[in-house]
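Asker: Let me give you the structure first, and then I'll get to my questions.
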Amino acid sequence: MFSGISRAHAPGRQPSRRVQRRRLRDMLTLHRFADIQTRFWYRGFVGLLLCFVFYCAWAIDVVVGQGAMNSRQANAELDKALMGAVVIAIGLLTIGFKQYYSQKKEIERRVNAEHCARHLAHHDALTSLPNRRLFDDHLGGVIKALPPRGPTHAVLMLDLNGFKQINDVYGHDVGDQLLKILAQRMLSWARRGDIVARFGGDEFAVLALDVADAENAGRIASGLIGILEDPVEAGGVCHSIGACVGIALMPDDALAGDDLLRLADIALYRAKFEGGSRVRLFEASMEEQLVARQALKQDLETAIEEGEFRLFYQPLVDLESNKICSCEALLRWQHPTLGLIAPSEFIPLAEETGQILRIGEWALAKACHDAAAWPQEISVAVNVSPIQFRNAMLPQVIARSLEASGLRPARLTVEITESLLLQENAANLELLERIKRLGVAVALDDFGTGFSSLSYLRSFPFDKVKVDRSFIESIGSSKHAEAITHAVGGLLRSLDMIMTAEGVETNEQLRWLKAEGCNEVQGYLFGRPVAQEQLSFLRYLNVG
């Protein structure tokens, strides 16, 4: 298995002496100037020593030759000269050895630093996996070596599901632990020759060699998702993480590295759009749809100025009075060429581009303006997106809409989803309190889906809780759904909160909800969303 990390460089592993000696040879090769300098010092000191010895011998020879001393004196003088020469030679050799040793250590330090710098330049600092640069190099090498009619290779792009929420709730330290554990799982999963890389955040890439065909590539990707879905313990909490994978094949889809990554990314986008842990292979139609999506994103920028947005209203019925008590404002986009576009198609684009803030402000102002002309006993409900909610100016936006329209605050309900409360921090609760202080009602929408928690109801006194349609549609066919709905109804009654059931479509569901003490209902049984001019409050609905 190739992971981009050699055994010598694996975390927690010390290199062997053989590897260290090889590194030193590499260092001396890389730093020729330092090597020559070291040798110069050593040879220079040896040369000085020899010159000194020859000088002493020559001086003694001259003295003896002049007959200035007898044989015994000459031997004594010679012994002294040689002893001095030895002492000086040892000193010179010691200095030379110290200089050589210090120079050698400096070379080793410099090249180790260069080695670390090269490793960091090609590997992810957190997981030690290859980074985008090294992955591109290996992918380019595989492409160059690919023979005509060669094997099929696959590029897999992978995103973790729910990783951002874990970061937000438990902190980045827990997120980092999670990434390290999952990176090691991917390394253990990879086949021999496969390359696993981290591009950043929760985005990973895999170069899977010799996958045979598209079907086998899909099985390989499914196996990768399987090992990631096993629970992971990080920060003292057990987390369940899935993933989405997009696949591009070489040479079937493309033969250039950038193209393969781009096509795999397009397939990944489709897998994420479809939701859950999913594998998608690239198809030509995906690229066409992406181009259309980009065009839609550009059109979105001028949609407000062109007056292309519409608000439709769906009634909510009070089961005690059997009358319409409120209408929920539902946003639609009347595109000049594509016709009426549902919010599920353009709201994600608006959130990506930040246009949701302008669109949300327009929707609030429009809903308040429309509701001001309704009978006083009928209120209006407006959904607030997570991005709008994170904007600290939301209470001011609501206050401006109420003031401009003249609508009483008690006739406006702001609906938020459970995902907004994943992190029950002081800022979230303070913002909700600021909205409540305006006199506006706050409803918890789609309760029962996602990350439902009773602590939300304890932390903030909601005026209304809307039970998700997935429970209501199962009434009469699922005892579990009925039991959950019954329990939620009892809980809300004890907390003095209004229970609203979404998605009511049959009389059987209506009778069951009335028997359970549900306060309000909403669904096709009472009316579909209609434009403002189609609303009629002159008659009461007979829902008995």
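The values are calculated or read from the model by the stated rules, or taken from the named source; none is laboratory data. These numbers come from a predicted model, not from an experiment. When we count neighbours, we look across all protein chains shown, and the Cβ atoms used for this are built from the backbone with ideal geometry, even at glycine. Note: areas computed on protein heavy atoms with side chains; ligands, DNA, RNA excluded. Shrake-Rupley method; radii C 1.70, N 1.55, O 1.52, S 1.80 Å.
Asker: Step through the residues of region 296-304 one at a time and calculate ³J(HN,Hα) from phi using the Karplus curve (6.51 cos²θ - 1.76 cosθ + 1.60, θ = phi - 60°), rounding each to whole Hz and writing x for Gly and Pro.
Answerer: Per-residue couplings from phi come out as 5, 5, 5, 5, 5, 5, 10, 5, 5 Hz.
Asker: Return, ordered by residue number, the residues of region 281-299 whose backbone nitrogen is under 15 Å from a label point located 7 Å along Cα→Cβ of residue 345.
Answerer: Only 289-299 pass the distance filter.
Asker: Quick one: which residues, 5+ away or cross-chain, put their amide H under 5 Å from the amide H of residue 328? H built at 1.01 Å from N.
Answerer: Amide H to amide H, under 5 Å and 5 or more residues apart or across chains, residue 328 pairs with 314, 316, 381.
Asker: OK, next. Under 5 Å between amide H atoms, partner at least 5 residues away or on a different chain: which partners does residue 446 have, H built in plane at 1.01 Å?
Answerer: Result for residue 446 returns 466.
Asker: Where the accessible area of region 151-215 is counted over protein heavy atoms with a 1.4 Å probe, how much of it, in %, is carbon and sulfur?
Answerer: 47
Asker: For region 141-195, what is the accessible area per residue in Å² when the probe is 1.4 Å?
Answerer: Accessible surface, normalised per residue, equals 51 Å².
Asker: Within the set 104/180; 272/479; 366/464; 323/466, which residue pairs have Cα atoms separated by over 27 Å?
Answerer: Exceeds cut-off: 104/180; 272/479.
Asker: Multiplying the sequence separation of residue 125 and residue 192 by 0.36 nm and subtracting their Cα-Cα distance, what value in nm do you get?
Answerer: Extra length from residue 125 to residue 192 when fully extended: 21.8 nm.
Asker: With a/c under 1.5 counting as rounded, go ahead and sort region 327-393 into rounded, prolate or oblate using the C-alpha gyration tensor (a ≥ b ≥ c being the square roots of the eigenvalues; past the cut-off, prolate if a/b is larger than b/c, else oblate).
Answerer: In terms of gyration-tensor shape, oblate.
Asker: Related question: Would you mind getting me the FRET efficiency between residue 184 and residue 149? Use the beta-carbon distance for r and R0 = 51 Å, nearest 0.05.
Answerer: It comes out at approximately 0.90.
Asker: Moving to a separate point now. Within 10 Å of each candidate Cβ there may be at most 15 other Cβ atoms; applying that plus a DSSP loop requirement, which chymotrypsin sites (Phe, Trp or Tyr not before Pro) in region 85-128 survive?
Answerer: Those that pass, being in a loop and sparsely packed, number zero.
Asker: Which peptide among 469-481, 494-506 comes first, and what is the full order, when sorted by highest mean count of other Cβ atoms within 10 Å?
Answerer: Descending mean neighbour count gives 494-506, 469-481.
Asker: Suppose each label sits 7 Å from its Cα in the direction of the beta carbon; what would the residue 376-residue 399 distance come out to in nanometres?
Answerer: 2.5
Asker: Mind giving me the nanometre distance, one decimal, between the label points for residue 426 and residue 408, set 7 Å out from Cα along Cα→Cβ?
Answerer: Output for this residue pair reads 3.6 nm.
Asker: Are there trypsin sites (Lys or Arg not before Pro) in region 96-189 that DSSP puts in a loop and that have at most 14 other Cβ atoms within 10 Å, and which ones?
Answerer: Qualifying residues, ordered by number: 149.
Asker: Something else: Given a Förster distance of 25 Å, report the FRET efficiency between residue 463 and residue 506 from their Cβ-Cβ distance, rounded to the nearest 0.05.
Answerer: 0.35
Asker: Can I ask one more? How high is the relative contact order of region 444-537? Use alpha-carbon pairs under 8 Å, at least six apart in sequence, and give a whole percent.
Answerer: 25
Asker: For region 393-399, what does the Karplus curve 6.51 cos²θ - 1.76 cosθ + 1.60, with θ = phi - 60°, yield as ³J(HN,Hα) per residue in whole Hz, taken in order and with x for Gly and Pro?
Answerer: 8, 4, x, 5, 4, 5, 4
Asker: I would also like to ask the following. Mind listing the phi-derived Karplus ³J(HN,Hα) values for region 225-240, rounded to whole Hz, using 6.51, -1.76 and 1.60 with θ = phi - 60°, and x for any glycine or proline?
Answerer: Per residue, the Karplus-derived 3J(HN,Hα) values read 4, x, 6, 7, 7, 4, x, 10, 9, 8, x, x, 10, 8, 10, 10 Hz.
Asker: Let me ask you something else. Shape call for region 321-442 from the C-alpha gyration tensor, a ≥ b ≥ c root eigenvalues: rounded (a/c under 1.5), prolate (a/b greater than b/c) or oblate?
Answerer: Oblate.
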